[in-house]
Amino acid sequence: MSLTDKDKAAVKALWTKISKGADAIGADALARMLVVYPQTKTYFSHWPDLKAGSAPVTKHGKKIMAGVAQAVAKIDDLSSGLLDLSELHAFQLRVDPANFKTLGHCLQVVIATMYPNEFTPEANVALDKFLSNLALALSERYR
Amino acid sequence: MVKWTDFERATIQDIFSKIDYDVVGPAALSRCLIVYPWTQRYFGGFGNLYNAAAITSNPKVAAHGKVVISGLEKAVKNMDDIKTIYKDLSVLHSEKLQVDPDNFNLLADCLTIVVAGQIGAAFTPEVHAAFQKFLAVVVASLRKQYY
């Protein structure tokens, strides 16, 4: 389900509207994922605090969104554009790739709460496709 | 037997008392047909589903969206025995409608996004978790009679 030109335009248009709030989106999505899908907490056993608003969650939410921003910038070639991040996730973090879909869903829920008028069904399908392709690119180096 | 905490019970009742069924039902179904277009396979008799605008303004989609959310209301009113309440619905979806049950998760995700859009900041992680659990029970109950 590769990205058409229409999808890329829609993703970039949505990103323009939401990127100023990216840090807040990232922090909420991560905190939310840890609560709604508690099995994801297993990757963060080294954090003293997993609650929404805590320092590690806020800081890491920012990092995640920096990755999303990188993906938006490299939307024409996600596999090569995200190679460094793929190697990080594959060899060091070893996050089960099924979780990429989970976090992607949480990101979309947060965007829906914060930008309900912008997150139309058309924007939804483009973003969902983009996040699926992002996840695929992140899985690139796993095996 | 599913165990609900007081918070979860209260949250589910609260969400469904706040949302406008006539808006949320149609919005969730049409979003599902748009975001996951292969789900359109079950709605061959609904006429024009050619693009997002057509789907959103399609009266049959809107009517059916209301049917779906009324079905969910049954579960909201009988949270302690959704499995039994949904037995006939499960047989219907399996035998007559022949819906791939993986599609239930797709519609559930779209419903979550629509409800999140309606409720906004009040859709906290804890509220979201309760809603997610409720939908998981609904989906499991709808899958129960498949064989």
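The values are calculated or read from the model by the stated rules, or taken from the named source; none is laboratory data. From a predicted model like this one, the values you see are computed outputs, not experimental measurements. All Cβ positions, even for glycine, are placed from backbone atoms using ideal geometry, and neighbour counts span all protein chains on display. Side chains are part of the model used for accessible areas, which takes the heavy atoms of the whole protein and leaves out ligands, DNA and RNA. Shrake-Rupley method; radii C 1.70, N 1.55, O 1.52, S 1.80 Å.
The alpha-carbon of A:LYS6 sits under 19 angstrom from the alpha-carbons of these lysines, leaving out residues fewer than 8 places away in its chain: A:LYS17, A:LYS74, A:LYS129.
Farthest toward the positive end of the dipole of the protein assembly as shown, out of A:SER79, A:THR4, A:PRO56, is the Cα of A:PRO56, where the dipole comes from beta carbon charges about the Cα centre.
For segment B:1-122, the square roots a ≥ b ≥ c of the C-alpha gyration tensor eigenvalues yield an a/c of 1.5 or more together with a/b not exceeding b/c, which makes the shape oblate. Under the combined filter of DSSP loop state and at most 13 neighbouring Cβ atoms within 10 Å, segment B:1-51 retains these trypsin sites (Lys or Arg not before Pro): B:LYS3.
Counting only helical runs of four or more DSSP H residues, what would the 222 nm mean residue ellipticity of the protein assembly as shown come to if each run contributes -39,500 (n - 2.57) and the total is spread over all its residues? So the helix-based figure for the protein assembly as shown works out to -21000 deg cm²/dmol.
Can you give the charge dipole size of segment A:15-68 about its Cα centre, rounded to the nearest 20 debye, using +1 on the beta carbon of Lys and Arg and -1 on the beta carbon of Asp and Glu? Mind showing how you got there, number by number?
On the way: 8 positive and 3 negative charges, 22 e Å.
Using only the charged Cβ atoms, the result is roughly 100 debye.
B:TRP38 contributes about 120 Å² of solvent-accessible surface, heavy atoms of the protein only, 1.4 Å probe. Here the simple spin-label model places points 7 Å from the Cα toward Cβ, and for A:SER45 and B:SER17 these points are separated by 4.2 nm.
Note on A:HIS46: accessible area approximately 130 square angstrom, rounded to 10, probe 1.4 Å, nucleic acids and ligands left out.
Look at the stretch A:107-115: the mean tally of other chain Cβ atoms within 10 Å of its residues' Cβ atoms is 6.
Provide the packing ranking of A:27-33, A:126-132, i.e. peptides ordered by the mean count of other C-beta atoms within 10 Å per residue, highest first.
On the way: A:27-33: 24.9, A:126-132: 21.0.
Packing order, densest peptide first, comes out as A:27-33, A:126-132.
In straight-distance terms, cross-link reach from B:LYS83 covers every one of the lysines whose alpha-carbon lies under 23 Å from its own, apart from those fewer than eight places away in the same chain; here that gives B:LYS3, B:LYS66, B:LYS74, B:LYS96, B:LYS133, B:LYS144.
Shape of chain A from the C-alpha gyration tensor: oblate (a/c of 1.5 or more and a/b not above b/c, with a ≥ b ≥ c the square roots of its eigenvalues).
Take each complete run of DSSP H in chain A, measure how far its Cα atoms stretch along the helix's own axis, and keep only those covering 18 Å or more with mean Kyte-Doolittle hydropathy at least 0.5; list them. Write down the numbers at each step before the final one.
Details: long enough: A:5-18 (20 Å, -0.45); A:22-36 (20 Å, 1.30); A:55-73 (27 Å, 0.34); A:98-114 (25 Å, 0.91); A:121-139 (27 Å, 0.64).
What comes out of the filter, once short or polar helices are dropped, is A:22-36, A:98-114, A:121-139.
Between B:LYS96 and B:ALA122, the modelled labels are 3.6 nm apart [label points 7 Å from Cα along Cα→Cβ].
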